[in-house]
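Trainee: Below: one structure in structure tokens.
Values in this text are rule-based calculations from the coordinates and carry no lab data. Please read these numbers as outputs of a predicted model, since none were measured by experiment. Ideal geometry is used to build each Cβ from the backbone, glycine not excepted, and the neighbour counts take in all protein chains shown.
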Amino acid sequence: MTDAEALEAFEARIARGEKIEAGDWMPLDYRQAALKLIQMHAQSELMGCLPEREWIARAPGLRRKLALTAKVQDECGHAQLILRVAEDLGAPLHRTREAMMEDLIAGRAKYHNVFHYPVPSWADVGVIAWLVDGAAVITQGALLDCSYGPYGRILERICAEEAVHIRHGEDIILSLASGDAAHRQSLQDALNRWWRPLLHFFGPPDELSHAAPLYRYGMRKQTNEELRQKFLGRVIPQIRAVGLDLPDPAPEWDGEKWVYGDPDWEQWRAVINGKGPMSAERLGLRRLTWEEGRWIREAMSGRLAVA
Amino acid sequence: MIYEVFVKPAAKGAEHAGSVAAATADAALAFAHEQFGRRGAWVEIWVVPRDQITVMEAADVPSAQFDRSYRLMAGYKHVERKWREIDLAAARREEGLRR
């Protein structure tokens, strides 16, 4: 079979809705684009542990402490599941898990913008679980039916766990919303802080050219803007219902879509390139744990000779 | 030797289907094909010697006995109740959204 015939057969499989499996033939641009997406997701889960982790010791009450610990543990677990998928996909390109982690701690890998920001209050913890996880479940839900089988299958499990995280976040914000004026103000302040990063989360409306293979090969089916609109349609009624004000400039429904102003995409670009308020500190912690954990990884992989 | 049989349908992970008794892995695959691959759209059949499977039982794991409802949707029924009290439907109508 020539490469052209193989590509034709591959595209026909995707057109029939078949899933591509780890050992299957795939064109190089598919492998590279899928790996880039999946690796970014894995590293976002890993970095996403850190902001909430800061609040485990300060969480009010045992049940909330357990729930927050479980959420951080879930995210760490998601990173492991996704890295396993990435490893298989990257093997023919000699992209090992170690290389992916080295890229991350050297600041060469990207992860979601929202994990570059500080978490100054307990209300922020609630808003993160309610809205950041709410945004994540929209992007991940849109990938459930992606053409790469191993990724789609682990996303089912991940989305189910994210749904619990969102409930945990709603639990926190609904408690604050029914509290006193100071509680409600802390919630409003947290929402105001997170609003722009949340608009940024889905990426700019004009798709970047490197995303083209993702659409062509059925990895992605909905655009950044479609996903953002879906998110706004879901959360704006919730925000209003709990008596919060939409942050300025408040999005407006024009009869077809939410119009949300210009969220300054240059700021988004700077943040994902490691110039966010917490980028250096969080990456520093990740680097420290990577280095301090080296002996454990070596022992577990059998590379340390046992006398 | 007993082999456990897993069948992988298109687009899904392999699922445990049953077991076969066979002298070799090749024979186990042939039997597994007869027993579990006669119909339905499968793309792979796997056989694993039963004695090669390492098992953990929930009864032996202490944390499995604790209340871990905070990890489950069922542990957040009160949140659903609160949303109903808040009348999210009214807020949606107000927004004029058809969801």
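Trainee: Going by the conditions given, is residue A:42 under 23 Å from residue A:133 (Cβ atoms), free of Cβ contacts under 8 Å to residues at least 60 places away in the same chain and not in a helix (DSSP H, G or I)?
Mentor: For residue A:42, the condition - under 23 Å from residue A:133 (Cβ atoms), free of Cβ contacts under 8 Å to residues at least 60 places away in the same chain and not in a helix (DSSP H, G or I) - is not met.
Trainee: Return the pairs, sorted by first residue and then second, in which the second residue is surrounded by fewer than 18 Cβ atoms within 10 Å (Cβ to Cβ) and aliphatic (A, V, I, L, M), the first residue lies in region A:69-82 and is within 12 Å of another protein chain (Cβ to nearest Cβ) and farther than 13 Å from residue A:44 by Cα, the beta carbons are less than 9 Å apart, and the residues are 6+ apart or on different chains.
Mentor: Close Cβ pairs satisfying both conditions: A:69/A:56.
Trainee: Still on this structure: Among the residues of region A:76-94, is there at least one that is buried (at least 16 other Cβ atoms within 10 Å of the Cβ), farther than 22 Å from residue A:148 by Cα and aliphatic (A, V, I, L, M)?
Mentor: no
Trainee: Considering only region A:209-234, state which residues are in contact with a helix residue (DSSP H, G or I) (Cβ under 8 Å, 6 or more places away or on another chain), within 14 Å of another protein chain (Cβ to nearest Cβ) and over 21 Å from residue A:267 (Cβ atoms).
Mentor: A:218, A:230, A:234, listed by residue number.
Trainee: Show me the helices (runs of 4 or more DSSP H) entirely contained within region A:62-161 in which 2 or more residues are closer than 22 Å to residue A:232 by Cα and not basic (Lys, Arg). Quick ask: steps written out before the conclusion?
Mentor: Values: elements: A:62-90, A:97-105, A:122-127, A:133-141.
Output list reads A:122-127, A:133-141.
Trainee: While we're here: Could you count how many residues in region A:138-164 are farther than 20 Å from residue A:20 by Cβ and facing another protein chain (nearest Cβ under 10 Å)?
Mentor: 4
Trainee: If only one of A:58, A:63 is touching a residue at least 24 places away in the same chain (Cβ under 8 Å), surrounded by fewer than 21 Cβ atoms within 10 Å (Cβ to Cβ) and under 23 Å from residue B:76 (Cβ atoms), which one is it? Lay out the reasoning, then the answer.
Mentor: Values: A:63 fails: touching a residue at least 24 places away in the same chain (Cβ under 8 Å).
It is A:58.
Trainee: Quick one: in region B:2-18, of everything that is loosely packed, with under 15 Cβ neighbours inside 10 Å and away from chain A (no Cβ under 11 Å), which residue is nearest to residue B:50 (Cα to Cα)?
Mentor: Step by step, filter region B:2-18, then rank; the result is B:2.
Trainee: Being within 14 Å of chain B (Cβ to nearest Cβ), among the charged types (D, E, K, R) and exposed (fewer than 15 other Cβ atoms within 10 Å of the Cβ) narrows it down to one residue among A:264, A:206, A:245; which is it?
Mentor: Details: A:264 fails: within 14 Å of chain B (Cβ to nearest Cβ); A:206 fails: within 14 Å of chain B (Cβ to nearest Cβ).
Selected residue: A:245, the only one of A:264, A:206, A:245 that is within 14 Å of chain B (Cβ to nearest Cβ), among the charged types (D, E, K, R) and exposed (fewer than 15 other Cβ atoms within 10 Å of the Cβ).
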